[in-house]
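Enquirer: Attaching a single structure in C-alpha cells format; questions to follow.
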Amino acid sequence: MKFIINKKDYLFFVMVVFVFISTTALSLNKNLQNSVKSFPSQVFISKDFPENPVLKSELSTFSESNVFPILSAQGAIAVDLNSGVNLYEKNPDATLLPASTTKIVTALVALDTYSLDQVLTVPYGINVDGQKMGLYIGEQMRVEDLLYGLLVYSANDAAMALAINFPGGYESFIAAMNEKATNLSMTNSHFENPVGLDGANQRTTVKDLLRASEVAMKNPQFAKFVGTKYVSLTDAGGGKKYNLKNLNILLDEVPGVMGVKTGWTENARENLVTYIERDGKKIIVVILGSQDRFGETKELIDWIFASYEWQEVKVPMPVVGKK
C-alpha cells in the first residue's frame with residue numbers, strides 16, 4: 001500500500017514542524033535564561049567612598065538581547081566589585097570540590113603567619129600527589145618563594161611545607177584555614193588539607209571562593225604572586241634553581257586578567273577563579289566543575305562586557321555642619 005501526499009498537505013506538514021521547533025527552541029531558551037539570575041537595570045552605589053567632594057558610583061544596565069552563556073560548570077558566579085552586583089550566577093551555593101583553589105585560603109593563612117623573608121626547612125611529609133616544584137627534605141626555602149610556588153605553579157609540596165612548619169604543626173594550620181574561612185563568611189566551605197586534594201570534608205562554593213578572592217586581591221603581596229606569569233627563583237642557599245610558569249593561561253590571553261587561581265582533580269573537574277580589571281571595572285569570575293574552565297571563563301567575560309554598560313554617576317557629598 002502506498003501513501004500519497006499532495007503538495008498542499010506537504011507544505012502544511014512542514015509549517016507545523018517549523019512552528020513546533022521554533023516554539024520549543026524559544027521555550028528552552030527562556031528556561032535556560034531563568035536558570036541563571038536575570039538582572040534588571042538599576043543604579044548601584046559603590047561601596048568605596050573616595051576622599052573627595054564627589055562620590056563615584058556605577059550605573060549598570062543589562063541588555064537582555066544577548067543570550068545567556070550555557071556553561072558546563074556545576075557552579076559559576078561573576079560579580080562587579082565596584083557595585084557588588086551579581087552579573088551572572090549558576091548554583092552559587094552548591095557545595096563542590098575546590099581542588100587547588102583551596103590554595104587561596106592556604107596563602108592567606110601563610111601571609112598571616114610568616115614574614116616573606118622568613119626561611120623554612122622543607123620537612124618530612126611533603127611527599128604528596130599532584131603538581132610539585134620538586135622540593136627535597138631539608139632544603140631551605142624563603143616563604144616568598146614557597147608562595148610563588150604555591151600560587152604560580154600550584155605546587156602541592158610548597159603547600160605542605162607552609163602547613164607543616166606552622167606553629168603548632170599541620171593540624172593547627174588546617175584549623176587556621178577553617179577559622180579564616182569562617183572570618184571571611186565562607187559559610188559553606190570546609191578544608192581538611194592545604195593542597196586541594198579531594199576529601200569528604202573538603203568543600204566550597206563559588207560564592208565562598210568569590211569572598212575569599214575579593215579579600216585576597218586587596219593584599220598587594222597576594223596580588224603580585226597570582227599575577228606573575230613566569231618566575232625564576234632559588235632555594236635560600238642558591239644551590240637549586242626553579243623556573244615556574246603560571247598555570248593560568250588567561251593571564252596571556254584575556255585583557256585585564258590579573259589572577260587568581262586554577263584547580264583540577266578528576267572528581268572536581270576544572271576550576272578557575274579569575275580577577276579582571278578593565279576600563280575601571282573590577283570583576284571576579286568563579287567557575288567550579290567545568291569541562292573547559294579557560295574557554296568558559298573567557299566566554300563569560302566576553303558576554304559580561306557585551307551585555308552590561310557602566311556609566312559614572314556623580315553623587316554630591318552632604319555638606320558637613322549644615323542642617
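Since every read-out is calculated from the coordinates, none of them should be taken as a lab result. Here the structure is a predicted model, which means the values were calculated and not measured. Every residue, glycine among them, receives a Cβ derived from its backbone with ideal geometry; neighbour counts consider all protein chains shown.
Enquirer: Using the structure shown, select from K180/K282; K218/K281; K90/K218; K90/K261 the pairs with a Cα to Cα distance greater than 21 angstrom.
Expert: K180/K282; K90/K218
Enquirer: Please report how far the C-alpha centroid of the stretch 65-140 lies from that of the stretch 271-314, rounded to the nearest whole angstrom.
Expert: A separation of 17 Å, based on Cα centres.
Enquirer: A follow-up question, please. So how much slack lies between N127 and E309, counting 0.36 nm per residue of separation and subtracting their Cα-Cα distance, in nm?
Expert: 60.6 nm
Enquirer: Which of the listed residues, M258, L120, A216, is farthest toward the dipole's positive end in the stretch 99-312, when Lys, Arg count +1 and Asp, Glu count -1 at the beta-carbon?
Expert: The Cα lying farthest towards the positive end belongs to L120.
Enquirer: Further question: Would you list S232, S290, S100, S307 from fewest to most Cβ contacts within 10 Å?
Expert: S232, S307, S290, S100
Enquirer: Treating only the Cβ of Lys, Arg, Asp and Glu as charged (+1, +1, -1, -1), what charge dipole size does the stretch 102-218 show about its Cα centre? Round to the nearest 20 debye.
Expert: The dipole of the stretch 102-218 has a size of about 300 debye.
Enquirer: With a 10 Å radius around each residue's Cβ, average the other Cβ atoms per peptide and rank 240-246, 187-193, highest first.
Expert: Ranked by mean Cβ neighbours within 10 Å, highest first: 187-193, 240-246.
Enquirer: Could you check the spin-label model distance between E277 and K224? Points 7 Å from the Cα along Cα→Cβ, value in nm.
Expert: In this crude label model, E277 to K224 measures out at 1.4 nm.
Enquirer: What's the Kirkwood radius of the stretch 99-312 in Å, using all Cα pairs?
Expert: 17.4 Å
Enquirer: Can you compute the FRET efficiency between I70 and A94 using 1/(1 + (r/R0)^6), with r the Cβ-Cβ distance and R0 = 22 Å? Round to the nearest 0.05.
Expert: 0.80
Enquirer: Could you tell me which of rounded, prolate or oblate describes the stretch 219-264, using a ≥ b ≥ c as the square roots of the eigenvalues of the alpha-carbon gyration tensor, with rounded for a/c under 1.5 and, failing that, prolate when a/b is larger than b/c and oblate otherwise?
Expert: The shape class here is prolate.
Enquirer: If you don't mind, there's one more thing I want to ask. Under a point-charge model restricted to the Cβ atoms of Lys and Arg (+1) and Asp and Glu (-1), what is the dipole moment magnitude of the stretch 99-312 relative to its Cα centre, in debye to the nearest 20?
Expert: The dipole of the stretch 99-312 has a size of about 220 debye.
Enquirer: Which aspartates and glutamates have a Cα less than 18 Å from the Cα of K240, not counting those fewer than 8 places away in the same chain?
Expert: Correct list for K240: D117, E139, E144, D145, D157.
Enquirer: Along the Cα→Cβ direction, 7 angstrom out, place labels at K241 and E171. What is the inter-label distance in nm?
Expert: Here the modelled spin labels are 4.3 nm apart.
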